[in-house]
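Let me begin by presenting the structure, written as structure tokens, before commenting on it.
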Amino acid sequence: MDYRCPLCRNIIVRRRLSQTVLLGLEIECPHCKRLVRHNVHRAETFIIMLNFAAILVLAVFAYRLHSQGLLIATLGVAMAGAAALPLIEHTYLRNWPRYAAMDHAPPSQ
């Protein structure tokens, strides 16, 4: 992934996707002090949603059937989903820009 600021082209310190989502999809570039947004690829969204759905379905079946095997499969799917994001980041999304310029500035308070 390309972690450079789209405005000043300096590398922005890498943040975890969960931190960025919790803190908001807009961050301030530490170099140029302008707002940039987190540029999430459709493949990332698809993997996260598919992984969440698989975990949910397996967890429900594991609970209903009282199956330890399904519980272990649920944990395996969770670990596979956690490993899938860095894997596609280093292969498929190698040149994808992580940050995009904001189209408009937020209103000042």
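For the reader, a short list of remarks on this structure follows.
- Members of segment 37-94 found to be exposed (fewer than 14 other Cβ atoms within 10 Å of the Cβ), assigned to a helix (DSSP H, G or I) and among the charged types (D, E, K, R), listed by number: 42, 64
- Residues of segment 24-36 that are outside any strand (DSSP E or B) and either within 13 Å of residue 10 (Cβ to Cβ) or free of Cβ contacts under 8 Å to residues at least 12 places away in the same chain (or both): 24, 29, 30, 31, 32, 33, 34.
Since every read-out is calculated from the coordinates, none of them should be taken as a lab result. Remember, predicted model here, so these are calculated numbers, not experimental data. All Cβ positions, even for glycine, are placed from backbone atoms using ideal geometry, and neighbour counts span all protein chains on display.
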